[in-house]
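The values are calculated or read from the model by the stated rules, or taken from the named source; none is laboratory data. As the structure is a computational prediction, the values presented were derived from the model and not from experiment. Every residue, glycine among them, receives a Cβ derived from its backbone with ideal geometry; neighbour counts consider all protein chains shown.
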Number of protein chains: 2
Amino acid sequence: MHLQSSLAATRTILRDDFKGRSALTDQASGSSADHLGVAGVRMTWRRNEEIFGEGEPATCVYRVLKGVVRTYRILADGRRQIAEFFLPGEVFGLHARAVHQASAEAVTDCEVVAVRRGQLSERAMTDGATAHKLLALTLHQLLRSEEHMLILGRKTASERLAWFLMDMAERIPAPNRVELPMSRQDIADYLGLTIETVSRTMTQLQDDGVIELPTRRQVVLRERQTLMDLAA
Amino acid sequence: MHLQSSLAATRTILRDDFKGRSALTDQASGSSADHLGVAGVRMTWRRNEEIFGEGEPATCVYRVLKGVVRTYRILADGRRQIAEFFLPGEVFGLHARAVHQASAEAVTDCEVVAVRRGQLSERAMTDGATAHKLLALTLHQLLRSEEHMLILGRKTASERLAWFLMDMAERIPAPNRVELPMSRQDIADYLGLTIETVSRTMTQLQDDGVIELPTRRQVVLRERQTLMDLAA
DNA sequence: CCGCGCATTTGACTCGGATCAAGGCGCGCG
DNA sequence: CGCGCGCCTTGATCCGAGTCAAATGCGCGG
């Protein structure tokens, strides 16, 4: 494995570029109740802006209202592994330590509710239901990451992609059509592949009649069963 | 990727073989308090016996007293991904659903405390500290699995192995020497490699003077810094 | 102490996906 | 409506790890 220096450089530039122009626009509309029963603050980010970075103090837990968020870890030479994409309704930023163990960025322009960790854990201490919900959320994330490990460790490129498409299809309710909110590079870094392999495999699936790609960001699921079988 | 049929067969035989002879010996010594504040039952398993299987109802949460446990997911054709090894003191069996999402087996003969999920969640509902501890355990597991994803998705064989050795060295307190409780196959399935690659990479590290292998199961860390750098 | 079985190592070769390198083209902007 | 910039696709080649096969040797039982 060689240094992906150019990529790394590009990414660094991108991040630094955005980091300055604090785009987290606290909407004056102010606080709205989070589903965890704690008042939260609504915030917005624009595409590719950093929400929090690895190593920063973890002050909040977030719920996506609109848009998509990615969390990831990155190596010194730029190799990146996206741990998860968070879609509307999903919760991210739950970390074991007082410091974030991963970075989070907006995949698309997005709107998020942030809840202070302190308030949350305070409430959880006294309210069993909140504690239970927090645990359930974390366990759900753990379930997903165990499946993700199986995919990263043991599946082929086409199996990975098929699983990804089926997973997205499940999470975004739309019959036999998936609107991908993220780039090919994001998909590659989520599935442990390169952008070229993702592209080629997409093309292959299309040539095989399994999917159709009317647009780069749209996928029509033509043979769901084939995808299911591939996704195993 | 071809079917690893022979391997799969071997594993299936192994599992079925052991499954019958119910070896979970409830020790009459009976219940001893778990650290989660709930009375648990002490149980023992022998090497390679199944503790629970994917799809079985998840009745208990476990803490290892002695020995080592592996949890894993397996594909129809035998490809296996070990999610985690659990060493003495560590807790496993925490799952989001009422059904186990992974299988667990004894890596070595081992002794475990089992706590009923019902009792645990009951206590968690009323006792904030217990709920907090449960959450902390789960978050810790999530932290580890995010790192594991980075390793599986983006690291080379020698980086994976170096990380594994450093991680084991940290978890088993013993200066510059690691006693590996698991086989090469287990290591391979944990790191998303084949047994041959694990073996070759070990040999390479030894030839480079980074480690020493007095026994198959023993590793002497000769150049800790080199390993650290590799593990990144 | 010897022989046997099995985990592990080693060797030769293959191959899936990575890398390196051009194009193509959709989308936004003027 | 045309132009240009990035994203994406496609092509050629390479290489790290997988596969297949065989030898080694450790640990255990007799």
**Complete:** For B:M149, the lone unmet condition from (1) more than 10 Å from DNA strand C (Cβ to nearest atom); (2) surrounded by fewer than 18 Cβ atoms within 10 Å (Cβ to Cβ) is (2)
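Keeping to the range A:162-198, report how many residues are more than 9 Å from DNA strand C (Cβ to nearest atom), more than 14 Å from chain B (Cβ to nearest Cβ) and in a helix (DSSP H, G or I).
Of the residues in the range A:162-198, the ones more than 9 Å from DNA strand C (Cβ to nearest atom) are A:162-187, A:189-190.
Cutting the leftovers down to more than 14 Å from chain B (Cβ to nearest Cβ) gives us A:165-184.
From what's left, in a helix (DSSP H, G or I): A:165-171, A:184.
Adding up the residues that qualify gives 8.
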**Request:** Quick one: count up the residues across the range B:77-109 that are buried (at least 22 other Cβ atoms within 10 Å of the Cβ), within 12 Å of chain A (Cβ to nearest Cβ), within 18 Å of B:M149 (Cβ to Cβ) and among the hydrophobic types (A, V, I, L, M, F, W, C).
**Result:** 3
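Here are some residues: A:T59, A:T44. Which one is out of contact with any Asp or Glu (no Cβ under 8 Å at 6 or more places or on another chain), in the same structural domain as A:T126 (by TED's automatic domain parsing) and polar (S, T, N, Q)?
Working: A:T44 fails: out of contact with any Asp or Glu (no Cβ under 8 Å at 6 or more places or on another chain).
Residue meeting the stated conditions: A:T59.
Looking at the range A:133-146 only, could you name the residues that are free of Cβ contacts under 8 Å to residues at least 60 places away in the same chain and more than 7 Å from every other protein chain (Cβ to nearest Cβ)?
Taking the range A:133-146 as the starting set, the residues that turn out to be free of Cβ contacts under 8 Å to residues at least 60 places away in the same chain are A:135-143, A:146.
The answer is A:L137, and nothing else.
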**Item:** Residue list for the range B:129-146, filter: over 17 Å from A:L150 (Cα atoms) and surrounded by 22 or more Cβ atoms within 10 Å (Cβ to Cβ)
**Value:** B:A131, B:L134, B:L135, B:T138
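Would you mind finding the one in B:I172, B:I187 that is in contact with a Pro (Cβ under 9 Å, 6 or more places away or on another chain), not aromatic (F, W, Y) and not assigned by TED's automatic domain parsing to the domain that holds B:V69?
Unique residue meeting the criteria: B:I172.
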**Prompt:** So which of A:L120, A:L150, A:L165, A:L143 ends up being closer than 26 Å to B:M125 by Cβ and modelled with pLDDT of 95 or more?
**Reply:** A:L143
**Asked** If B:R116 passes every condition in (1) surrounded by fewer than 18 Cβ atoms within 10 Å (Cβ to Cβ); (2) within 7 Å of another protein chain (Cβ to nearest Cβ) but one, which one does it miss?
**Response** (2)
